[in-house]
Amino acid sequence: MTAGSRYVEAGRSAAVFNKIAGWLTKHGISLFGSRMLYVRGRKSGQWRGNPVNPLTMDDARYLVAPRGHTHWVRNLRAADGKGELRLGRRVEPFTATEVADADKPAILRAYLKRWKWEVGAFFEGVDADASDEELLRIAPGYPVFRLR
């Protein structure tokens, strides 16, 4: 598998955590800033939801995919970056633009500082103290989207 096709399927514990986090977020209870991401499925056209951890950095918001090129990432690309972030009944439509690998190190570092306790296992030993070179090396395996 190349870094550009990296996809870590949710294991049993991650699936349980996502189910609980998703239920809470759908009911208006955010876990440390979590939101439900909704994107239309690239084949079905139906809305698909996943809990995510949006990152705010330098007055911009980002979505990082710690498990790689997941279904939500592929759906977001197919939907021309259009989706929604929801917390309870609050719906925030957005359009996302994918961030180039060269621009990811600072975003990945900030994401790891904020969310390492939850997603660190998906970064295979790389943490917020990693060099820019190390973060650039892993960047193709971690899609990042800037929200507007």
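I'm told residue 82 meets every condition in (1) at positive phi; (2) in contact with a Pro (Cβ under 8 Å, 6 or more places away or on another chain); (3) charged (D, E, K, R) except one. Can you identify the failing condition by its number?
Checking residue 82 against (1) at positive phi; (2) in contact with a Pro (Cβ under 8 Å, 6 or more places away or on another chain); (3) charged (D, E, K, R), the one that fails is (1).
Run residue 97 past the list (1) surrounded by 18 or more Cβ atoms within 10 Å (Cβ to Cβ); (2) out of contact with any Pro (no Cβ under 7 Å at 6 or more places or on another chain); (3) of a type outside the set (Phe, Trp, Tyr); (4) at pLDDT 95 or above and report the number of the one that doesn't hold.
Only one criterion in (1) surrounded by 18 or more Cβ atoms within 10 Å (Cβ to Cβ); (2) out of contact with any Pro (no Cβ under 7 Å at 6 or more places or on another chain); (3) of a type outside the set (Phe, Trp, Tyr); (4) at pLDDT 95 or above is unmet by residue 97, namely (1).
Taking the options 88, 120, 81, 141, name whichever one is small (Gly, Ala, Ser), in contact with a His (Cβ under 7 Å, 6 or more places away or on another chain) and either exposed (fewer than 15 other Cβ atoms within 10 Å of the Cβ) or more than 24 Å from residue 27 (Cα to Cα) (or both).
Numbers: 120 fails: in contact with a His (Cβ under 7 Å, 6 or more places away or on another chain); 81 fails: in contact with a His (Cβ under 7 Å, 6 or more places away or on another chain); 141 fails: in contact with a His (Cβ under 7 Å, 6 or more places away or on another chain).
Unique residue meeting the criteria: 88.
Out of all the residues in the stretch 42-93, which are in a strand (DSSP E or B), in contact with a Phe, Trp or Tyr (Cβ under 7 Å, 6 or more places away or on another chain), touching a residue at least 60 places away in the same chain (Cβ under 8 Å) and not aliphatic (A, V, I, L, M)?
Within the stretch 42-93, 62, 68, 86 meet the criteria.
Taking the conditions exactly as written (surrounded by 15 or more Cβ atoms within 10 Å (Cβ to Cβ), under 14 Å from the mean Cα position of the chain (by Cα) and not hydrophobic (A, V, I, L, M, F, W, C)), does residue 68 satisfy them or not?
Values: surrounded by 15 or more Cβ atoms within 10 Å (Cβ to Cβ): yes; under 14 Å from the mean Cα position of the chain (by Cα): yes; not hydrophobic (A, V, I, L, M, F, W, C): yes.
Against the criterion (surrounded by 15 or more Cβ atoms within 10 Å (Cβ to Cβ), under 14 Å from the mean Cα position of the chain (by Cα) and not hydrophobic (A, V, I, L, M, F, W, C)), residue 68 qualifies.
The values are calculated or read from the model by the stated rules, or taken from the named source; none is laboratory data. Owing to the predicted nature of the structure, the values given are computational and were not obtained by experimental measurement. In this analysis, Cβ positions are derived from the backbone assuming ideal geometry, glycine residues included, and neighbour counts consider all displayed protein chains.
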